Amino acid sequence: MTDSELDKFGIFKKSDAPRDNSIGIVIGGSLSKGLDVRLDFGDVEHGVPAGKIIEDMAVGKYVVIGGKSKKFFAIVTDISLDSNNPDLPKAPPDPDDTFTADVYGSSIAFGRLQVSPMLLMDEESKEPRPVKTIPAHFSKVYEATPQDVNLVFGQEDASHWHIGSPLDMEGVKVNLDLKRFVERSSGVFGKSGTGKSFITRTILAGIIKAQSAVNLIFDMHNDYGWAVRDEHGREYKGLRQLFTSGVQVITLDPETSRHRGSKVDGTLQIGLDQIEPEDVEMLAGVFGLSDVQVGALYYLRRKLGKQWIAQLLDEHDTAAVDELEEAEKVQKGTLRAIQRKFEMFRPDRMGFIRNGMPPDDMVDYIFNALNRGTNIVLEFGVYGNTLAAYVLVANFLTRRIHAKYVDKKNKAAGQVGEEPKPLVITIEEAHKFLDPDIAQHTIFGNIARELRKYNVTLLIVDQRPSGIDDEVMSQIGTRVTCLLDNEADIKAVFSGVSGAGQLREVLARLDTQQQALILGHAVPMPVVVKTRDYDEKLYEAVVDSVGTSRKHAERKKAIDGEE
Amino acid sequence: MNEMNIGRLLRSATTGYVFGCSVPEPEVPHFGMFVKAPAQRGQSEVVGLIYNIAIEDDLFVRQMAATPNLSETYIQDQRANRQVPIEVSVLCVGYRNGGQYAHALPPQPPITLDWINTCADAEVRDFTQRHDYLQLILDAPDAPADELIVAALQRAVESRPPEDRERYRREAGRELAKLLSRDLPRLQRLLKRLAP
């Protein structure tokens, strides 16, 4: 028989069919601890050198597992090296012997993944559901395709805001369900310089665009209202520039705002007579007030009346204070300490504080604006550097606006008014407000705990989540977390999240910028995103929607008028 | 290499056979060569690997070996007209039936005095597309398995066009690694010899 005659048999010829995109098989694991996946060996013939599959993996990537009757979506939480022979580490191939190394890498040494299954789909379900089971042994594992990701995160629409793309999937959109995002308090966490402000601004732009809630933003570092520059000097538009009509900037420091070229719609002034002991109580930590001193505040307010702070600060007419001292209702030391600490409230120290009452009641103004659907950015100017000023103002306004929301909501329940518009209050340095020692008593602690009972939720922006009360953290619905490397902070971010242990590694490996792990109420499953660029494209997306919504409103008005 | 007769079968069993031939040519038969023998009255062909070539003495050789001043003519005559054939042992590694190769022991061994042929390059290529026969070599009690594997794989590589050889070496290496993953020193020795 000749060669050519034999060749035509083609017996035993290997299939030349291209590889499917499977990367491995499930070999074990559990629902609680995650699944063990053995990665495939390299296959040079199909363009996959030994080790490439391992190196192409990344914690936070998505994989899809094709079970027997269900399809599972999972997230990679750990990657490790393994081999068929436990002695391999003791007898590795000679590094110069590429042939042996290549053979080992494609037959004995392999990679292992730890993946955490999150969602599943079966033939009956149209959209993914949370997992309650796991795929069978030897189910094939694939890298998630853009179609898979779209299936999970849906399309961008009026209430789904494009926040970024999954790792290595440029062009695929991860969308945040804004309706769900504002339903509960949310958090943006991350070390300094990891891009918290940019992500927060992107989210806020989405909320304003979708009109899923109105925002009251306590803008400590002047990041949100008007233009802001990054460390390379590039300028980015603030919310006031993006939404010319839907956002107002109120400043505490008109001079700085003028110097920065910010357009300002109002100035907030707080009268000494407006300040209540509850407003000061939260400053206990900042001022170093003891429990006794805090208790004395209420007594002083009761005895001295509305002008209690003014009287305590008055150096000329000290009769009322002297009387208290003589009556020994308040210890002299306590009184002097309070007076000393209240020096901060002098108008020359905090320029936004004035004696008596301010000319305009900005609380009413802000509340009415919010109810009209106007978002408020409160710019602190130079007072952003004074923590006491930030805490005082945030607490002062939030207490009063929350009280008005409660009132309005109760009236709506009694059908004597409209429901107040859902409100999201953005606070930075949130651990100063939600410290375990004070969170039980403060307005912010209450808001976080009561969920959306009164249509008010928080968006807390913080770099030390470990400083926030556990109970509050466990109520946070959606967590957007940039890089954190402190163990306590990582632990805090995952408090109240089931199966969080597996995600720790993902969080600790984020890039230092423009990457975030999003988990919770507003996303169907945890996702690591390369956050969307805050650039012209985003401006256009926002302008389009504003234009459209304005046109829509005009059209509706015209139709209503015709009727 | 083309197919050629190289001897006749002396004795056989399911796991191997021995054929006899006269004084070997420089090229054939040699260790690690793929050979085939008819079986089942020509229905199948038993494929084997030569793993031993034994040249036994006889009475004449013994006498001649002790003879002083032995002439070259006698030596050549003795070699050409040997009383006892040269015995070549073959390990069965598969068979072909109806055009299909199987890497398994044959249903029947070949019969005495059947012609033994070398396998042509195309046959070697087809037979070695898969590597299951390597397990039969590893399991052989009498054959020097490692040497035989290296020789057989070298022959399989040579039967392929140059552009296909590297890929084949890698595939064969991977198969060996699967079979010998528990014996790394042995595997490493084999791979070193298989490397280009």
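The values are calculated or read from the model by the stated rules, or taken from the named source; none is laboratory data. These numbers were taken from a predicted model, which means no experiment stands behind them. Ideal geometry is used to build each Cβ from the backbone, glycine not excepted, and the neighbour counts take in all protein chains shown.
What residue, among those in the range B:107-124 that are of a type in the set (A, V, I, L, M) and on the phi < 0 side of the Ramachandran plot, is nearest to the other protein chains (Cβ to nearest Cβ)?
Initially, the range B:107-124 is screened for residues of a type in the set (A, V, I, L, M), giving B:111, B:113, B:116, B:120, B:122, B:124.
In the following step, the residues that additionally are on the phi < 0 side of the Ramachandran plot were identified as B:111, B:116, B:120, B:122, B:124.
Numbers: B:I111: 21, B:I116: 16, B:A120: 6, B:A122: 3, B:V124: 10 Å.
Per the criteria, the residue is B:A122.
Restricting the search to the range B:33-53, which residues are over 17 Å from B:A143 (Cα atoms) and surrounded by fewer than 20 Cβ atoms within 10 Å (Cβ to Cβ)? Full working, then the answer.
Keep residues of the range B:33-53 that are over 17 Å from B:A143 (Cα atoms), which gives B:36-46.
Those that are over 17 Å from B:A143 (Cα atoms) and surrounded by fewer than 20 Cβ atoms within 10 Å (Cβ to Cβ): B:P38, B:Q40, B:R41, B:G42, B:Q43.
Among the residues that make up the range A:134-153, is at least one of them touching a strand residue (DSSP E or B) at 6+ places or on another chain (Cβ under 8 Å) and within 14 Å of chain B (Cβ to nearest Cβ)? Please lay out each step first, then the result.
The first filter runs over the range A:134-153 and keeps only residues touching a strand residue (DSSP E or B) at 6+ places or on another chain (Cβ under 8 Å), leaving A:134-145, A:148-149, A:151-153.
Okay, now just the ones that are also within 14 Å of chain B (Cβ to nearest Cβ), so none.
Taking every residue of the range A:134-153 in turn, none turns out to be touching a strand residue (DSSP E or B) at 6+ places or on another chain (Cβ under 8 Å) and within 14 Å of chain B (Cβ to nearest Cβ).
Taking the criterion of being assigned to a loop (DSSP other than H, G, I, E, B) and aliphatic (A, V, I, L, M), would at least one residue in the range A:362-374 satisfy it? Spell out the reasoning first.
First, the residues of the range A:362-374 that are assigned to a loop (DSSP other than H, G, I, E, B): A:372-374.
Those left that are additionally aliphatic (A, V, I, L, M): none.
No, the range A:362-374 contains no residue that is assigned to a loop (DSSP other than H, G, I, E, B) and aliphatic (A, V, I, L, M).
Taking the condition of being among the small types (G, A, S) and either surrounded by 17 or more Cβ atoms within 10 Å (Cβ to Cβ) or at pLDDT below 80 (or both), how many residues in the range A:267-309 meet it? Full working, then the answer.
Pass one, the range A:267-309, residues among the small types (G, A, S): A:271, A:284-285, A:288, A:290, A:295-296, A:305.
Filter again for either surrounded by 17 or more Cβ atoms within 10 Å (Cβ to Cβ) or at pLDDT below 80 (or both), leaving A:271, A:284-285, A:296.
So the count comes out to 4.
Quick check: is even one residue across the range A:451-465 part of a loop (DSSP other than H, G, I, E, B) and buried (at least 24 other Cβ atoms within 10 Å of the Cβ)? Show your work before the answer.
Looking only at the range A:451-465, we keep the residues that are part of a loop (DSSP other than H, G, I, E, B), and these are A:451-455, A:463-464.
Filter again for buried (at least 24 other Cβ atoms within 10 Å of the Cβ), leaving none.
No, every residue in the range A:451-465 fails to be part of a loop (DSSP other than H, G, I, E, B) and buried (at least 24 other Cβ atoms within 10 Å of the Cβ).
Taking the condition of being under 22 Å from the mean Cα position of the chain (by Cα), buried (at least 18 other Cβ atoms within 10 Å of the Cβ) and at the interface with another protein chain (Cβ under 7 Å from one of its Cβ atoms), how many residues in the range B:180-196 meet it?
Within the range B:180-196, residues that are under 22 Å from the mean Cα position of the chain (by Cα), buried (at least 18 other Cβ atoms within 10 Å of the Cβ) and at the interface with another protein chain (Cβ under 7 Å from one of its Cβ atoms) number 1.
Output the residue which, of all residues in the range A:159-181 that are in a loop (DSSP other than H, G, I, E, B) and touching a Ser or Thr at 6+ places or on another chain (Cβ under 8 Å), is surrounded by the fewest Cβ atoms within 10 Å (Cβ to Cβ). Step through it out loud before you land on a result.
Taking the range A:159-181 first, the residues in a loop (DSSP other than H, G, I, E, B) are A:159, A:167-173.
Of the ones still in play, those that are also touching a Ser or Thr at 6+ places or on another chain (Cβ under 8 Å) are A:159, A:171-173.
On the way: A:S159: 20, A:G171: 6, A:V172: 19, A:K173: 21.
Per the stated criteria, the residue is A:G171.
Quick one: which of A:S192, A:S212 is within 22 Å of A:Y454 (Cβ to Cβ), part of a loop (DSSP other than H, G, I, E, B) and not β-branched (V, I, T)? Even if it seems obvious, please write down each step before you answer.
Numbers: A:S192 fails: within 22 Å of A:Y454 (Cβ to Cβ).
Result: A:S212 is the single residue among A:S192, A:S212 that is within 22 Å of A:Y454 (Cβ to Cβ), part of a loop (DSSP other than H, G, I, E, B) and not β-branched (V, I, T).
Quick one: B:L134 ticks every box in (1) in contact with a strand residue (DSSP E or B) (Cβ under 7 Å, 6 or more places away or on another chain); (2) among the aliphatic types (A, V, I, L, M); (3) within 14 Å of chain A (Cβ to nearest Cβ) except a single one, so which number is it?
(1)
So that you can scan it fast, the table gives a plain yes or no per residue for (1) of a type in the set (A, V, I, L, M); (2) more than 22 Å from A:E429 (Cβ to Cβ); (3) free of Cβ contacts under 8 Å to residues at least 24 places away in the same chain:
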residue: A:Q269; (1), (2), (3): no, yes, no
residue: A:I275; (1), (2), (3): yes, no, no
residue: A:D279; (1), (2), (3): no, no, no
residue: A:G285; (1), (2), (3): no, no, no
residue: A:K303; (1), (2), (3): no, yes, no
residue: A:A337; (1), (2), (3): yes, yes, no
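If only one of A:F99, A:F73, A:F110 is part of a strand (DSSP E or B), surrounded by 15 or more Cβ atoms within 10 Å (Cβ to Cβ) and within 14 Å of chain B (Cβ to nearest Cβ), which one is it? Give the steps one after another, and end with the answer.
Details: A:F99 fails: part of a strand (DSSP E or B); A:F73 fails: within 14 Å of chain B (Cβ to nearest Cβ).
Going through A:F99, A:F73, A:F110 in turn, just one is part of a strand (DSSP E or B), surrounded by 15 or more Cβ atoms within 10 Å (Cβ to Cβ) and within 14 Å of chain B (Cβ to nearest Cβ): A:F110.
Just one of the numbered conditions (1) touching a residue at least 40 places away in the same chain (Cβ under 8 Å); (2) surrounded by fewer than 17 Cβ atoms within 10 Å (Cβ to Cβ); (3) in a strand (DSSP E or B) is not true of A:L81; which one?
Here A:L81 meets the rest and fails (1).
Output the residue which, of all residues in the range A:118-150 that are among the charged types (D, E, K, R) and in a strand (DSSP E or B), is farthest from the chain's Cα centre (by Cα).
Taking the range A:118-150 first, the residues among the charged types (D, E, K, R) are A:122-124, A:126-127, A:129, A:132, A:140, A:143, A:148.
Okay, now just the ones that are also in a strand (DSSP E or B), so A:122, A:129, A:140, A:143.
Numbers: A:D122: 31, A:R129: 23, A:K140: 34, A:E143: 27 Å.
It comes out as A:K140.
Consider A:S80 carefully, then state whether it is in contact with a strand residue (DSSP E or B) (Cβ under 8 Å, 6 or more places away or on another chain), more than 9 Å from every other protein chain (Cβ to nearest Cβ) and hydroxyl-bearing (S, T, Y).
Numbers: in contact with a strand residue (DSSP E or B) (Cβ under 8 Å, 6 or more places away or on another chain): yes; more than 9 Å from every other protein chain (Cβ to nearest Cβ): yes; hydroxyl-bearing (S, T, Y): yes.
Answer is yes for this residue.
Check B:A145 against each of (1) within 13 Å of chain A (Cβ to nearest Cβ); (2) within 17 Å of the chain's Cα centre (by Cα); (3) among the small types (G, A, S); (4) within 30 Å of A:P89 (Cα to Cα) and name the one condition it does not meet.
(1)
Suppose the filter is of a type in the set (A, V, I, L, M) and without any contact (Cβ under 8 Å) to a residue 24 or more places away in the chain; does A:A109 pass it? First the steps, then the outcome.
Values: of a type in the set (A, V, I, L, M): yes; without any contact (Cβ under 8 Å) to a residue 24 or more places away in the chain: no.
Against the criterion (of a type in the set (A, V, I, L, M) and without any contact (Cβ under 8 Å) to a residue 24 or more places away in the chain), A:A109 does not qualify.
Search the range B:1-22 for residues that are modelled with pLDDT under 85 and pair each with any residue that is of a type in the set (D, E, K, R) when their beta-carbon atoms are under 6 Å apart and the residues are at least 6 apart or on different chains.
Partner pairs satisfying both residue conditions: B:M1/B:D121.
Which of the residues that make up the range B:148-179 are of a type in the set (G, A, S) and more than 14 Å from every other protein chain (Cβ to nearest Cβ)?
Looking only at the range B:148-179, we keep the residues that are of a type in the set (G, A, S), and these are B:151-152, B:156, B:159, B:172-173, B:177.
B:A151, B:A152, listed by residue number.
Just to be sure before I move on: is A:G356 outside any helix (DSSP H, G or I) and surrounded by fewer than 16 Cβ atoms within 10 Å (Cβ to Cβ) in the structure I sent? Outline the logic, then answer.
Values: outside any helix (DSSP H, G or I): yes; surrounded by fewer than 16 Cβ atoms within 10 Å (Cβ to Cβ): yes.
Here the answer is yes, as A:G356 does meet what is asked.
Being surrounded by fewer than 18 Cβ atoms within 10 Å (Cβ to Cβ), closer than 30 Å to A:K209 by Cα, among the acidic types (D, E) and without any contact (Cβ under 8 Å) to a residue 24 or more places away in the chain narrows it down to one of A:D317, A:D361, A:D348, so name that one.
Details: A:D317 fails: closer than 30 Å to A:K209 by Cα; A:D348 fails: closer than 30 Å to A:K209 by Cα.
After ruling out the rest, the residue left standing is A:D361.
Which fully enclosed strands (runs of 3 or more DSSP E) of the range B:1-76 have 1 or more residues being within 14 Å of chain A (Cβ to nearest Cβ)?
Working: elements: B:5-12, B:16-21, B:34-39, B:44-54.
Answer list for the range B:1-76: B:34-39, B:44-54.
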